[in-house]
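Structure first, then comments.
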């Protein structure tokens, strides 16, 4: 029980340090609210530390009076404390015979008020907890990385992990000694996570979080939602409270899982590791389609090329295609479509328009 209490006190101090650290946001507040709601002991520890933090400001008044480090000049004494024994009070600057001095009686010592002891103890506890929290949550690595359309980029992170950014993608990295956090702002990234059980590796994408300890997985974020593909290990997919909606239960994704989270739901497909690897063929320059609507295939090509494929009508959009294609050569893909499907292409400098025929 004592160990649990100490752990709760440390967690409360860590939350307090993060809140007053200047980088507090709505997502952090939602996580704190969830932590406080999880147990009465959490709320008690939080309120106690907040009270101690406010009391620390009041203790500054104890040192009021003589400025710290000030020593009165030689020869200047307070006449209320020091005077000749058998003479009238000396004038300012007059010589005083030390043998005839009488000292004002020292006032009896007063016992410190119990509340002062309690406040000092609380401040000492808080200082230690905040120091520990600062050590744990002080940034150890902060950076932002992005790619242009048609560019892939592989990066080594400070913890030994590696990430590969897909085309037109951006991430922000924020590591501390307590956690490893990456925010995927757009696009897709593949993560090879160095194992560290004490520091979970969290990839955030909107209100979704994909957490692992040591594994290999990809996270993609676009207008349709968030997709997670796991090729090794296990990933926990969570949905935080958002827009008044409660948080959803977490989903464990073993290797070979493909999860798509959108509109408040999570759909998981156990495709197998080989199929999951094919979904991530973009790392080798390929796009893989299997009975895929032409409209979706065109959208994938458009993620990697500046010359866009436009579907002109519903009949063309509904055609099903399959195979592996280089994402850098959309023109070859279109030529194959014209040869094997009832499709006609019109091309100009900026786009390729596909019509059914």
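The values are calculated or read from the model by the stated rules, or taken from the named source; none is laboratory data. Remember, it's a predicted structure, so these values are computed and weren't measured experimentally. Note that we place each Cβ from the backbone using ideal geometry, even for glycine, and neighbour counts take in every protein chain shown.
Some observations on this one:
- Residue match in segment 258-273 (condition: crowded, with 17+ Cβ neighbours inside 10 Å, within 21 Å of residue 232 (Cα to Cα), assigned by TED's automatic domain parsing to the domain that holds residue 223 and in contact with a helix residue (DSSP H, G or I) (Cβ under 7 Å, 6 or more places away or on another chain)): yes
- Yes/no for residue 346 being assigned to a helix (DSSP H, G or I), farther than 23 Å from residue 168 by Cβ and not assigned by TED's automatic domain parsing to the domain that holds residue 188: no
- Some residue of segment 294-313 being farther than 23 Å from residue 187 by Cβ and over 38 Å from the mean Cα position of the chain (by Cα): yes
- For segment 338-353, the criterion of being within 30 Å of residue 256 (Cα to Cα) and touching a strand residue (DSSP E or B) at 6+ places or on another chain (Cβ under 6 Å) is satisfied by no residue at all.
- Residue within segment 167-180 that is surrounded by 22 or more Cβ atoms within 10 Å (Cβ to Cβ), at pLDDT 95 or above, closer than 30 Å to residue 19 by Cα and not assigned by TED's automatic domain parsing to the domain that holds residue 31 present: yes
- Enumeration of residues in segment 332-351 that are in contact (Cβ under 8 Å) with a residue 24 or more places away in the chain and within 25 Å of residue 283 (Cβ to Cβ): 333, 334, 337
- In segment 23-38, the qualifying residues are those that are surrounded by 14 or more Cβ atoms within 10 Å (Cβ to Cβ) and within 11 Å of residue 240 (Cβ to Cβ), and the one that is farthest from the chain's Cα centre (by Cα) is 34.
- If the condition is being closer than 17 Å to residue 280 by Cα and out of contact with any strand residue (DSSP E or B) (no Cβ under 7 Å at 6 or more places or on another chain), then segment 216-240 contributes only 222.
- Filter pass, residue 295 being exposed (fewer than 13 other Cβ atoms within 10 Å of the Cβ), modelled with pLDDT of 95 or more and either at positive phi or not assigned by TED's automatic domain parsing to the domain that holds residue 166 (or both): no
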